[in-house]
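Chemist: To start, I am sharing the structure in question, which I have written as structure tokens.
Laboratory data are not the source of any read-out in this text; all were calculated from the coordinates shown. Keep in mind it's a predicted model, so treat the numbers as computed, not measured. Reconstructed Cβ throughout: ideal geometry from the backbone, glycine too, with neighbour counts over all protein chains shown.
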Amino acid sequence: MPYELIEGLPSTHGDHYPLNTTTLIRHAARTYPEQEVVYRTGGGDWDRYTYADCFDRVKRAAKVLRELGVGPGDVVGILDWNSKRHFELYWAIPGLAAVMLQMNLRLAPTDLGYVTSHSGASTVLVDESLLSVAEELAPHAPGVRTWVVMSDRPLSEIETSLPNVMHFEDLMQTAHADIDLPLIEESSAYSACYTSGTTGKPKGVYYSHRGIYLHAMAQAATLSMDIEDAVMLITPMFHGQSWGLPQSAVFSAAKIVLPGRYAASETSVLVETMVAERVTVANGAPAIFQPMLDHIATMDDKPDFHRLRLLSGATEPALAMMRGFAELTGARVVHAYGATETTPFVAVNRSKPVLDSCLTDAERWDLMRSQGLPVCGVDIRLVDAQGNDLPHDGVAQGEVLVRGPWIIERYHNIADDADRFLDGWWRSGDMGRIDGNGYLKLTDRIKDVIKSGGEWISSIDMENAIVSHPEVVEAAVIAVPHPQWQERPLALVVTRDGQEIPTSVIHRLLADSFAKWQLPDDIVYVDRLPRTSVGKLDKKALRAQYAGSAQLLS
């Protein structure tokens, strides 16, 4: 055991009463039955129902699954968008002590097949719009016995090559809500999510009922969520449980808005719905938020989003984007930090009142770029390459290690994961520093940090400085081999009109934060930058593509 546990006097509390996900939705439905869940239909229209209606369908869905043979410990996959049915299955599957497998639609069929087989999923529910994905997946997932199509159209009108197909709504029509959902041992897995597999095969992270329950409480408290909020789930529910926001929203009995299927080009729909439904909390990545801000800039009447908290993850949000939302709408972009392995809430950027009178406006904005303060319940360490602790002085940089009740202690059914843990702490692979006020600032991924002439250069900070130019849409900075300096930074930039910006202009943007020797020797302009299945810059692909750039920089 990585830490010592000391047993004291036994309490008289109900410590054996388990923390279950079912408790969250049951409480919300019985106490706030009138609260709304707003959802986008498959046809693109909007509809709504109540928590009471939702819980009725949750119980009926659990009855359907039980009659299909799903029981404790079974794994049930979902191929769906952020839809009404997906939301209902978030509660119905774990309500049977089964495991909800989050199936990342952006994975290749072979990787998705590996995830399905490795998890042992025997039943998969698939939205009609994703039947082609399921049909490509099926040959790679021979263990799936039952495919359940979710559609408002009758099965007779749906063509598919999937074997043993059932129709979800047909089964729901004959199911009754008279099921008694069991109490489940809280350390049981309620859901499974697999890492994106950028290095090796995807790794399984299995979340417990206890972990997600505590995570929901901590997230709701940290974001000050309550029944007056309206929460829009923009981050896909098929990865990292939409950052735990479905559970914290239900814990808070907040209004919930489910945007269904949308494309990056449809951000106007998201903005219009946020205005119409008075959304106050939403989650997403800068790759979604920036187009939303661009759309808002074109609106004659700017929305009043002064209550809106935009929980931003995946990559560090650009300062220009955070300022833009604040100045145009009053919304606050809340930078948060986490990973699949951490459920994911680890740190969130919140302002300390003690700093209000100590910082200039520029310093306050710069602080908002940090990943923020640790969430209550989570411990963070910084260590050097030998595992020694480093000071929290805002200068020392080391690997970020994390532990806590919703942080993993092992991967599912993988024997060789010891290198990802140190004395019970999960090794994030992120480089960072922590200042004297407790704020965590990531400086790079260990595999992405640029080592030039024996010194480190932060690709993240350089990217954000470049993106501050009004004509830059996105930027990536990677290390390329150099015969003299070991590595040098190469900047890859996407501009709004495809025009190149003089290198001297980019260097001036970087001059305040980087020494002259750290500046990129070359800037390559591209039409787009590759991203991983979870929306992060795919620097592994970029490094492979530009590995020969050493000749350019020598």
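Chemist: Of the trypsin sites (Lys or Arg not before Pro) in region 448-554, which ones lie in a loop per DSSP and count no more than 15 other C-beta atoms within 10 Å?
Modeler: Arg496, Arg528
Chemist: Here's another thing I want to ask about it. Return one number: the angle in degrees, 0 to 90 and rounded to the nearest 10, between the long axis of the Cα atoms of helix 21-31 and the longest principal axis of the Cα atoms of the chain.
Modeler: 70 degrees
Chemist: Quick check of the Kirkwood formula: for region 347-445, what is the inverse mean of 1/r over all pairs of different Cα atoms, in Å?
Modeler: 14.6 Å
Chemist: When the Karplus curve 6.51 cos²θ - 1.76 cosθ + 1.60 is applied with θ = phi - 60°, which whole-Hz ³J(HN,Hα) does each residue of region 286-295 get, with x for Gly and Pro?
Modeler: Values, residue by residue: x, 5, 9, 5, 5, x, 5, 5, 4, 5 Hz.
Chemist: Follow-up question, since we're still on this one. If one takes the longest principal axis of the Cα atoms in the chain, at what angle in degrees, from 0 to 90 and to the nearest 10, does the Cα axis of helix 109-119 lie?
Modeler: The angle comes out at about 60 degrees.
Chemist: A follow-up question, please. Sort Val269, Val75 so the one with the fewest other Cβ atoms within 10 Å of its own Cβ comes first.
Modeler: Val269, Val75
Chemist: When DSSP assigns beta bridges and you keep just the ones with both residues in the chain, what percent turn out antiparallel, to the nearest 5?
Modeler: Taking every DSSP beta bridge within the chain, about 55 percent pair in antiparallel fashion.
Chemist: Now for a separate question. Sticking with the crude label model, points 7 Å out along Cα→Cβ, report the distance from Tyr525 to Gln173 in nm, one decimal please.
Modeler: Result for the modelled spin labels: 5.9 nm.
Chemist: While we're here: Within region 1-56, report the chymotrypsin sites (Phe, Trp or Tyr not before Pro) that DSSP leaves as loop and that have at most 13 other Cβ atoms within 10 Å.
Modeler: Tyr3
Chemist: Continuing with this model, one more query. For Val148, enumerate residues with amide H under 5 Å from its amide H, sequence gap 5+ or separate chain, H modeled in the peptide plane.
Modeler: Residues meeting the criterion, in which the H sits 1.01 Å from N, are Val124, Leu125, Val126, Met166.
Chemist: Give the calculated FRET efficiency between Glu185 and Asp384 to the nearest 0.05, with a Förster radius of 51 Å applied to their Cβ-Cβ distance.
Modeler: 0.80
Chemist: Ranking Thr360, Thr21 by Cβ neighbours within 10 Å, fewest first, what do you get?
Modeler: Thr360, Thr21
Chemist: Beyond 18 Å, what share of the Cα-Cα pairs of region 200-311 is found? Please give it as a whole percent.
Modeler: 51 percent
Chemist: Here's something else I'd like to know. Over the alpha-carbon set of the chain, work out the extent along each principal axis and list the three values in angstrom, largest first.
Modeler: 71, 61, 50
Chemist: Fully extended, how many nm does the chain gain between Ser11 and Ala287 (0.36 nm per residue separation, minus their Cα-Cα distance)?
Modeler: Stretched fully, the Ser11-Ala287 segment lengthens by 94.5 nm.
Chemist: Rg(Cα) of region 450-553 divided by 2.2 N^0.38 Å?
Modeler: 1.01
Chemist: Sorting Ser458, Ser188, Ser11 on the 10 Å Cβ count, fewest up front, what's the list?
Modeler: Taking fewest neighbouring Cβ atoms as first place, the list is Ser11, Ser188, Ser458.
Chemist: Right, next: Once Rh for region 407-493 is found with the Kirkwood sum over Cα pairs, what is the Stokes-Einstein diffusion coefficient at 4 °C and 1.567 mPa s, in µm²/s?
Modeler: Calculated translational D: 84 µm²/s.
Chemist: Using 0.36 nm per residue, how much length does the chain from Ser224 to Asp366 gain when fully extended, once their Cα-Cα distance is taken away?
Modeler: The Ser224-Asp366 span can extend by a further 48.8 nm.
Chemist: How long are the three semi-axes of the equivalent ellipsoid of region 22-136, in whole Å, if each is the root of 5 times an eigenvalue of the C-alpha gyration tensor, listed from largest down?
Modeler: Taking √(5λ) for each eigenvalue gives 26, 19, 10 Å, largest first.
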